Amino acid sequence: MSRLNINDLIRTLQLHPGVSSGELCKRLGGINRSTLTRRLATLGNAVICRGGSRRTAYALRRELRGTGSSIPLYRIDEFGRGHQAGVLDCIQPMGTALQFQEPFIWPLSDAMKDGWFEGLPYPVADVKPQGFLGRNFARHYAMVLRVSENPDDLSDDDILHVLSSVGFDLPGNLIIGEAAYRLFLDQGATRAALSDRDISAVYPARASIAMASGDAGSSAGGEFPKFTAYRDMDGAAVDVIVKFSGADSSAAVQRWSDLLVCEHLALQVLQSNLRIAAAQSRIYQFAGRTFLEVVRFDRHGVSGRSPVCTLRSLNAALLGMASSSWVKVSQQMLKEKLISVETERTIALLWWFGKLTGNSDMHEGNLAFRANMELTPAYDMLPMMFAPAPGGEIPIREFKPLFPLPGESAVWQIAAKSALVYWQRCAADIRISDDFRKICGGCAHSLQLSMEEI
């Protein structure tokens, strides 16, 4: 059979994006490959082709904001040098096709290895605007880019449009689009690092701007009020994320201040007692606010960057598990040979430490990996069970340590010893209010009793 209606070809490509040439021939009535090749050629640039040899597959190009141009994907290395990692195309009716121009460093399914993604490539989707900075980022550019001020309302196309236009300071090391890449180049030429002398004036001013105008720097994720800064720290240039409390004397503001100090102490205990890498942090108190300054582990020197991907994106793309504990997801990752036994054990220790220190916010976005599928330094570890309610009320909550199942006892004991040290340090730290220090002392007592029972 040599006849082929071009409209049938178009409809089939629309209904089956990423269809192989052999399957396409079958769906079009058993035509031969020569006929298919000739008719595909008549569609010209409207056809996207990915894969090689027997894995060749096709889709129809989809326009993004009125243009069907391919979008370059750039990678920034640790020395600040840019490399073109690939070319991204939108396909009909949804999804994207990535043409790799260098080896891809993240795990891929078979379809992904050929460049086909049901949405955005998952390391790209991972850096969409989110959290406090993401909301401020979206609000700042919403009118100019004609997108919603709420990041949760952004479609994949909206996200791709925003990131390719102004996404030059995303988590990790990827930049999408020439416009965003040129902004990255411009930024590198004008950056000036803040010294220790500068921050007592600059940080309170940046906090006020972040709260009042929504201009808070990059779109790094998370919910705590924060801004980003570039620092000269002990003679080294580093990028930091700075979380901050309110500036009044209300009970809710005091509690948030306490929790920032607790987060700083948690990161220290993880490193000193559990020997688990954790983000470097410092506490400052200026102008009635408490500031937690956390060094970004995906930034190096003036412009260098390194790749990062969260458990949330890895799970969604490679496992498809329903939202679950870090432990259960990591156990499945180990079965799929995505991570090592040592990494799975470290995740279990982190999870139990969080559970035994009142961290009620261990969602999948708060655990991340480097390109070799080893863990990044730990971050966002704090006793969120004691956070104020949205209306500002401080509910009274009782800390009850979670007991382990028989097979979890050994890891639980190790984590519990460090958690006890943590609560004792919080109870003794004078940067924390007297009221919350008493609560921390009570948590230490409860945990001690639980350890004696196991």
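When you look at VAL295, is it within 30 Å of SER257 (Cα to Cα), at pLDDT 95 or above and surrounded by fewer than 19 Cβ atoms within 10 Å (Cβ to Cβ), yes or no? I'd like the intermediate steps shown before the answer.
On the way: within 30 Å of SER257 (Cα to Cα): yes; at pLDDT 95 or above: yes; surrounded by fewer than 19 Cβ atoms within 10 Å (Cβ to Cβ): yes.
Spelling it out, VAL295 is indeed within 30 Å of SER257 (Cα to Cα), at pLDDT 95 or above and surrounded by fewer than 19 Cβ atoms within 10 Å (Cβ to Cβ).
On the basis of being in the same structural domain as MET381 (by TED's automatic domain parsing), buried (at least 22 other Cβ atoms within 10 Å of the Cβ) and closer than 21 Å to GLN130 by Cα, does LEU314 make the cut? Break it down into steps so the answer makes sense when it comes.
Working: in the same structural domain as MET381 (by TED's automatic domain parsing): yes; buried (at least 22 other Cβ atoms within 10 Å of the Cβ): yes; closer than 21 Å to GLN130 by Cα: yes.
Taking the combined requirement at face value, the residue satisfies it.
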Completion exercise
Scanning the stretch 338-379 for residues that are assigned to a helix (DSSP H, G or I), buried (at least 20 other Cβ atoms within 10 Å of the Cβ) and β-branched (Val, Ile, Thr) gives THR346, ILE347
Practice task
Enumerate the pairs (first residue in the stretch 421-434 and in a loop (DSSP other than H, G, I, E, B); second residue anywhere and among the charged types (D, E, K, R)) with beta-carbon separation below 6 Å, excluding pairs fewer than 6 apart on the same chain, so at least 6 apart or on different chains.
Solution key: ILE432/ASP258; SER433/ASP258
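Any chance the stretch 173-193 includes a residue that's in contact with a strand residue (DSSP E or B) (Cβ under 7 Å, 6 or more places away or on another chain) and over 25 Å from GLN130 (Cβ atoms)? Working first, answer last.
So in the stretch 173-193, the residues in contact with a strand residue (DSSP E or B) (Cβ under 7 Å, 6 or more places away or on another chain) come out as 173-178, 181, 184, 191, 193.
Next, only the ones that are over 25 Å from GLN130 (Cβ atoms) stay: 193.
Yes, some residue in the stretch 173-193 is in contact with a strand residue (DSSP E or B) (Cβ under 7 Å, 6 or more places away or on another chain) and over 25 Å from GLN130 (Cβ atoms).
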Fill in the blank from the handout: When the stretch 107-131 is checked residue by residue, the ones that are in contact with a strand residue (DSSP E or B) (Cβ under 6 Å, 6 or more places away or on another chain) and more than 19 Å from ARG62 (Cβ to Cβ) are PRO123, ASP126
Practice task
Within the stretch 264-292, track down each residue that is in contact with a His (Cβ under 9 Å, 6 or more places away or on another chain) and not β-branched (Val, Ile, Thr).
Solution key: SER281, ARG282, LEU292
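The values are calculated or read from the model by the stated rules, or taken from the named source; none is laboratory data. These numbers were taken from a predicted model, which means no experiment stands behind them. Positions of Cβ are backbone-derived with ideal geometry, glycine not excepted, and every protein chain shown enters the neighbour counts.
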